[in-house]
Every structure is written in structure tokens, then in C-alpha cells.
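K.L.:
Can you read through this structure? Questions will come right after.
The values are calculated or read from the model by the stated rules, or taken from the named source; none is laboratory data. Because the structure is predicted, anything quoted here is derived from the model rather than measured. Every residue, glycine as well, gets a Cβ built from its backbone with ideal geometry; the counts of neighbours run over all protein chains shown.
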Amino acid sequence: MPEAGRETGNRGMLAVDPPHLSWSSSPMDVFAPTGNLYAGAIWPEVVVTLTLLLVLVVDLVGGSAARKSLPALSIFGLIGALVTLVLQWQQPQLESFLGSFAADPISILFRGLVVGTAVLTVMMAERYIAQSGAPTGEFYVLLLTATLGGMFLSGATDLILVFVSLETLGIASYLMAGYTKRDPRSSEAALKYLLIGASSTAIFLYGMSLLYGLSGGQTKLEAIASSMGDAGLAGIIALVLCIGGIGFKLAAVPFHQWTPDVYEGSPTPVVAFLSVGSKAAGFALAVRFLATVFPAMTEEWRAVLSVLAILTMILGNVVAIAQTRLKRLLAYSSIGQAGFVLIGLVAGTEAGYASLIFYLMVYLVMNLGAFLCVTLFSLKTGTDEISEYSGLYQKDPFLTLCLSICLLSLGGLPPLAGFFGKLYLFWAGWQAGAYTLVLVGLVTSVISIYYYVRVVKTIVVKEPQEMSVSVQNYPETNWQAEGMQALRVGLVLTLVATIFAGILSNPLFTLSTQAVEQSPFLGFPTAQAFIPQSARLQVAVKGSLGSSAQTGEG
Amino acid sequence: MLQLQFFLVVAAVLFCIGIYGLIVSRNAIRVLMSIELMLNAVNLNFMAFSNFVDSAMIRGQVFSVFVITVAAAEAAVGLAIVLGIYRNRATIDMESFNLLKW
């Protein structure tokens, strides 16, 4: 690890003064051998792309037997991408494709989050698709495309790549939302998602065009930053437009209107991907875009984001109380969770960013676990009304255990993973002086405990006569059916991770802290030069204590 | 002599017309057309800036080619979804899409 760190440090110095500046004045030299693309930075994306093409070809030419292997093929490819990401962690590529893409530690972690979500989504989807009778191949192709878009978005450092990867993610998501096209609710969800998504992209693009003009014709995020200091009103307008576009991906209030509808109408595995993978990519974009382009306007964007965070936490958690369907409840709860994560972004300290990443990791397992349970229950009973869950404890103790643990973890009860995630977030926010945000966060997480526990209480109700009709007719679980094994593996994985990620949170937290330190664009001092492990820990502690001093530099 | 401001004003007006159409249209196709208007306003902005402040590298022109391409893909997907919903519901009136409450 020390060697890797030293290399990172050197590359960090290089990134400050890129070696290719000499030829950037003459466009004809772009294809000269001197301009190294460092194409190794996108190995994980290449693996995903090859998997995507393979799935497409197998689906086209293979018979029905070959089609059964598509989920396994997708999972295999995605795990391959995860492996290349782990290898990349040893040797982060801070700048590639002439400064359009960065494979720095933060982008590696976020890409890992997107790929991890995709793996669990495939596990969830296999049975769902087999039972719904929809065509198989397209789903995996679309899912892998969306994953690809999310991965590129996590590392994009150029306006054009940000836009193209945002749309790759977006268009694939619209199509996935309308996947069960015979279901009017699904196509309605797709239409609403597409219209709101496309208009928010247009707004974001308008902001980008202003940034392009204000910076005198720059599209690299770093190059834009230098001219934002004296941009005045136009800079503020560009900032607001960009936050509007990013807020849509984060489903932050008031850009959240699409969320409940899309989550309710879309197939459950798609919802799971949107609520974790798409959101993680959105946070990657938010961190990189705001920290790189607007360092001169840090006060302004933090003020805007704290208002958004407060609204998001309050609305998401309060409206969730009134929901009667579990999918819709999870939709509102995921809005509320995004509000909590925003605290880390507003704090803007090293600990803030690290706790943001840590919370997203935890959120991945617990939220996907909850969605796995919802998928399994709705596959067996055909409903997701909360009242239909009553008495499930007597018929399916395993499902009850998984769902209860995931929901309680989402609510933030110790000693589950969600508790530690929230603890770190609130602690980082408090250190950075965001007192109002943390207080609102505390109050709303108490509210959230209420509605999560209400669901758990419905499930473990004791008396047999209180059982709902669906639970009375609850079929035996046939684990041998197509796709059920994958679902079971997913359930066990998320259950184990939710229980143990909290107690064993230190390695994960160290991982996210390292990522924040070694990503030069965030500008924390240890990113510039390598410091031995012990000294770095001290700096980390000092950094979090004297965070208010750093906030100004941000 | 045309100035940069003229182009920006036209683009801003076009963008506002797009937003207006987005809010008041009841026909789903019209909403899609409004979004195209907004994207064209963005293109106009990029072309104007590209000519006036970045005439050597013309990155703005490159950007608008990307915007046009992606907008075409988006419109294709949008029309496909509208077609799908028309088959299900025999209408494309936005007001009637209320199976999911806003």
C-alpha cells in the first residue's frame, strides 16, 4: 500500500501540471504518439461493454437454453469488472483520455457501487423476468448499458463526457422503467420519467453552455473552475441550473416529483437499480462537479444544497408515514435517505466526503436487501400492500428476518450498518458546523424509525386470525425454480452485509477516507504528497477536528 | 455587426418558450417537442459561444453535435414510449395519465 500511495502522490503532482499542455494549442497534434491516452483507466468499462455485446449476441443467436445463461453471463462480466476495479485501486490513473476521464480512488469506489448494484439487480431480476414472461435478453442489455453510463459518469471530468454518460444512464433507465410494456402503469412511469428526465437534462445542459461561455471556451471541469471566481450573476445562474440537473438524479426535493410514481410503476428490480445505482452515480457527479467547477462559489452551493437537504429529509420522511404500499414507502424513504447523504456533501470536509461514500456503501446493501424481500413477496403473492404482509412471520421466518433487519437498518437502529452510517454522517456534519442540518437529520430519522418499525410490527403480528388473505394462501417457497437460487444468494449476501458492515465498519471507513485523501480534485492536503500511514491518520484526525479551517479553502 | 448578446437573448427566449410549452402542454408529443426546443436553445448557446470566444478549438460546435445526436436518441425512445402507452390506453393526453398519483 505505501508504494501505491507514493505513486499516487507522484501522479497527483503530474495532474496539477499535465504533460500534454504543450500540444493542446495545436489541434493537429491530438493524434500524435506523444499524447498518451492512458486507456487502461477504462478497463472495467471495457469489460462491461464486452459483456453487454456478448449478452446481445447470445440472446440473438442462441436458443431458449442459451437464454437461460444470460443472467449468469451478466453477473460473471460484472464481477470481472469489479476485479479490474480492485486491480485499479492499486494504481489509480488520475488523468486519462486527455483529461476527460479520471480513474482516481473516488471514481473507483463509486464505479464499484454502481457495478455492485447491478450484480444484485441481476440476481433479483432473473426470477422476476421468468415469472412476468417479458423478453429476457433486452433487460440485461439495458441494465448493463445503464451500468456503463453510471460508471462513466462517476469518473467524467469533461462536460461532454458528463452529458453523454448522463444520457446513457438516463435513456437506458427510461427503457427499463417501461420494461413490462403491457402494464399501463409501467409505461406511464416510463413516460413520466422520460419527460422529467429529458427536461432536467436540458436545464443542466443550459447551465453547461453558460459554463462553457463564462470560461472562455473550456469544457474540462478543472479549466472552467479558474474563471468562475469573477463570474458574478451569470455564474450563480449556471450554478443553480447545474444543481437542478444534478438534483434530479439525486431525487432531492423539489426535483423529486418523478420518484414515487416511477418507483411504484416500474418493475421492482429496476426500482432497486434506480434507487441505489443511479443515485450513487448522481452523488459521484455531484461531488466531482461541485468540488471541481465551483470552488470559488463554495459558500453559495453549500447554502443551496443545505436548503435542498433540509427539504429532502423532511418531505421524504414525513410523506413516507402516509404510504400504504411498501414500494412507495421505500420510494419516499429513499428520498429521505438522499437527504441524509447530502449532509456529507454540504459538510465538505474530508470526514464529510468519507462518510458520504461510507453511507452509500451501507445504503447499497440494506436498500437492495429490502427490495429483494419486496420482490420475493410480490412474486409469491402478487401484491406489495403493507397490510398484506401481516402475519408473514408465521409462514416465512427467513423472509421476515431479512426484511426486518434491512428496514431496521434503514431506520438506523444499532448495531446494524445503517446506524453507523448515520452516526458518521451526523458526526461529520456536526464537526463542520452544519448544526441545523444535523438537528433536522436527527429529528427526521426518529420519524423514519416510526414508519419502518410499523412495517416490522405488521409482519411479526402474533395472532393467526390477524393474518392477511395473501399470507393465509402463502405458497411454499420452491427454491429450485428458475432464478430462485440467485434471489436466495442475494438475500443472504445483503443480510450478512447489513448485519456485519456495522460492526466491522472500520475497514470500509478507512477505504473511503483513503479514497477522499488520494483524490486530488477534492484538494485535501494529503492528496498532493505521500505521507506515511501513521502521520496520515494523525492528519485525518486533525483534519476532522479543525474542519472549519479547511472549509474555507474547500 | 451581430453581437454575442443577440444570440444569447434569442437562445434564452427559445429556452423559456420550451419551458412554457413543457408546463402547459397536455399532449405528450407536444411536451417532447418543447424539450427539443430547450435543447435547440442550448445548441444555439453553444454555437454562439463557440464562434465568439472559442473560434480556434470550436469545442462548442463539437458539443452541439453530441447534443443533437443524443436528442435524436432521446426523441426515438420518447416516441416509442408514447406509442406503447397509446396502445395500452388509446390516448396521449397527459391529464389522463393518473394511474400513478403525482
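K.L.:
Taking the condition of being without any contact (Cβ under 8 Å) to a residue 40 or more places away in the chain and more than 16 Å from residue A:389 (Cα to Cα), how many residues in the range A:450-478 meet it?
P.N.:
Of the residues in the range A:450-478, 1 are without any contact (Cβ under 8 Å) to a residue 40 or more places away in the chain and more than 16 Å from residue A:389 (Cα to Cα).
K.L.:
Can you pull out every residue in the range A:421-449 that is exposed (fewer than 13 other Cβ atoms within 10 Å of the Cβ) and aromatic (Phe, Trp, Tyr)?
P.N.:
Across the range A:421-449, the qualifying residue is only A:435.
K.L.:
Then there is this: Within the group B:60, B:21, which residue is in contact with a helix residue (DSSP H, G or I) (Cβ under 6 Å, 6 or more places away or on another chain) and more than 7 Å from chain A (Cβ to nearest Cβ)?
P.N.:
So the residue among B:60, B:21 that is in contact with a helix residue (DSSP H, G or I) (Cβ under 6 Å, 6 or more places away or on another chain) and more than 7 Å from chain A (Cβ to nearest Cβ) is B:21.
K.L.:
Next question. Are any residues in the range A:65-86 without any contact (Cβ under 8 Å) to a residue 40 or more places away in the chain and either farther than 19 Å from residue A:122 by Cβ or among the basic types (Lys, Arg) (or both), and if so, which ones?
P.N.:
Matches in the range A:65-86: A:86 only.
K.L.:
Has the range A:240-260 got any residue that is part of a helix (DSSP H, G or I) and in contact with an Asp or Glu (Cβ under 8 Å, 6 or more places away or on another chain)?
P.N.:
Among the residues of the range A:240-260, not one is part of a helix (DSSP H, G or I) and in contact with an Asp or Glu (Cβ under 8 Å, 6 or more places away or on another chain), which makes the answer no.
K.L.:
Could you please let me know if residue A:434 is touching a residue at least 60 places away in the same chain (Cβ under 8 Å) and within 21 Å of the chain's Cα centre (by Cα)?
P.N.:
no
K.L.:
Looking at the range A:367-401, which of its residues are of a type in the set (Lys, Arg) and crowded, with 19+ Cβ neighbours inside 10 Å?
P.N.:
A:380
K.L.:
Have a look at B:73, B:12 and point out the one that is more than 7 Å from every other protein chain (Cβ to nearest Cβ) and either farther than 23 Å from residue A:173 by Cα or assigned to a helix (DSSP H, G or I) (or both).
P.N.:
Answer to the selection: B:12.
K.L.:
Test residue A:222 against the stated conditions and say whether it is at the interface with another protein chain (Cβ under 9 Å from one of its Cβ atoms) and not small (Gly, Ala, Ser).
P.N.:
Considered against the rule, which asks whether it is at the interface with another protein chain (Cβ under 9 Å from one of its Cβ atoms) and not small (Gly, Ala, Ser), residue A:222 comes out as no.
K.L.:
Residues that are modelled with pLDDT of 90 or more and in contact with a Cys (Cβ under 8 Å, 6 or more places away or on another chain), at least 2 per element: which helices (runs of 4 or more DSSP H) completely within the range A:394-474 meet that? First the steps, then the outcome.
P.N.:
Details: elements: A:397-411, A:417-431, A:435-459, A:469-472.
Once the helices (runs of 4 or more DSSP H) in the range A:394-474 are filtered for at least 2 residues that are modelled with pLDDT of 90 or more and in contact with a Cys (Cβ under 8 Å, 6 or more places away or on another chain), what remains is A:397-411.
K.L.:
Okay, next question. Just to verify a result, which residue in the range A:297-331, among those that are without any contact (Cβ under 8 Å) to a residue 60 or more places away in the chain and closer than 26 Å to residue A:403 by Cβ, is nearest to the chain's Cα centre (by Cα)?
P.N.:
Narrowing the range A:297-331 to residues without any contact (Cβ under 8 Å) to a residue 60 or more places away in the chain: A:299, A:302-303, A:307, A:311, A:319, A:322.
When the remaining residues are screened for being closer than 26 Å to residue A:403 by Cβ, the result is A:319, A:322.
On the way: A:319: 22, A:322: 26 Å.
So the residue we want is A:319.
K.L.:
Still on this structure: Would you say residue A:57 is within 20 Å of the chain's Cα centre (by Cα) and free of Cβ contacts under 8 Å to residues at least 24 places away in the same chain?
P.N.:
Against the criterion (within 20 Å of the chain's Cα centre (by Cα) and free of Cβ contacts under 8 Å to residues at least 24 places away in the same chain), residue A:57 does not qualify.
K.L.:
Residues of the range A:409-420 being more than 24 Å from residue A:125 (Cα to Cα), hydrophobic (A, V, I, L, M, F, W, C) and buried (at least 21 other Cβ atoms within 10 Å of the Cβ), which ones?
P.N.:
Hits for the range A:409-420 are A:416, A:417, A:420.
K.L.:
For residue A:209, only one of the following conditions fails: (1) more than 8 Å from chain B (Cβ to nearest Cβ); (2) more than 19 Å from residue B:94 (Cα to Cα). What is its number?
P.N.:
(1)
K.L.:
Can you tell which of B:51, B:45, B:98, B:27 is within 7 Å of another protein chain (Cβ to nearest Cβ) and among the polar types (S, T, N, Q)?
P.N.:
Of the residues listed, the single one that is within 7 Å of another protein chain (Cβ to nearest Cβ) and among the polar types (S, T, N, Q) is B:45.
K.L.:
Now for a different question. Search the range A:240-262 for residues that are within 20 Å of residue A:323 (Cβ to Cβ) and pair each with any residue that is charged (D, E, K, R) when their beta-carbon atoms are under 8 Å apart and the residues are at least 6 apart or on different chains.
P.N.:
The qualifying pairs are A:251/A:279; A:258/A:192; A:260/A:328; A:261/A:188; A:261/A:192; A:261/B:101; A:262/A:192.
K.L.:
Hey, can you tell me all the residues within the range A:226-239 that are surrounded by fewer than 20 Cβ atoms within 10 Å (Cβ to Cβ) and part of a helix (DSSP H, G or I)?
P.N.:
A:232, A:233, A:234, A:236, A:237
K.L.:
On to the next question. Filter the range A:343-393 for residues that are more than 20 Å from residue A:511 (Cα to Cα), among the hydroxyl-bearing types (Ser, Thr, Tyr) and in a helix (DSSP H, G or I) and give the result.
P.N.:
A:375, A:378, A:381, A:387, A:389, A:393 - these are the residues of the range A:343-393 that are more than 20 Å from residue A:511 (Cα to Cα), among the hydroxyl-bearing types (Ser, Thr, Tyr) and in a helix (DSSP H, G or I).
K.L.:
How many residues, within the range A:178-191, are within 7 Å of chain B (Cβ to nearest Cβ) and part of a helix (DSSP H, G or I)?
P.N.:
Within the range A:178-191, the subset within 7 Å of chain B (Cβ to nearest Cβ) is A:178, A:181, A:184-185, A:187-191.
Next, only the ones that are part of a helix (DSSP H, G or I) stay: A:184-185, A:187-191.
Of the residues in the range A:178-191, 7 are within 7 Å of chain B (Cβ to nearest Cβ) and part of a helix (DSSP H, G or I).
K.L.:
I would also like to ask the following. Just to be sure before I move on: is residue B:92 more than 11 Å from the chain's Cα centre (by Cα), over 30 Å from residue B:6 (Cβ atoms) and either more than 7 Å from chain A (Cβ to nearest Cβ) or without any contact (Cβ under 8 Å) to a residue 60 or more places away in the chain (or both) in the structure I sent?
P.N.:
Criteria met by residue B:92.
K.L.:
Given the conditions (1) over 30 Å from residue A:183 (Cβ atoms); (2) crowded, with 24+ Cβ neighbours inside 10 Å, and given that residue A:265 satisfies all but one, which numbered condition is not satisfied?
P.N.:
(1)
K.L.:
Right, another one. Considering only residues of the range A:160-177 that are within 7 Å of chain B (Cβ to nearest Cβ) and in contact (Cβ under 8 Å) with a residue 40 or more places away in the chain, which is farthest from the chain's Cα centre (by Cα)?
P.N.:
Result: A:160.
K.L.:
Among the numbered conditions (1) in a loop (DSSP other than H, G, I, E, B); (2) in contact with a Pro (Cβ under 6 Å, 6 or more places away or on another chain), tell me where residue B:88 comes up short.
P.N.:
Evaluating residue B:88 over (1) in a loop (DSSP other than H, G, I, E, B); (2) in contact with a Pro (Cβ under 6 Å, 6 or more places away or on another chain) leaves (1) as the failure.
K.L.:
What tally of residues in the range A:153-175 results from selecting those that are among the aromatic types (Phe, Trp, Tyr) and either in contact with a Pro (Cβ under 8 Å, 6 or more places away or on another chain) or surrounded by 24 or more Cβ atoms within 10 Å (Cβ to Cβ) (or both)?
P.N.:
1
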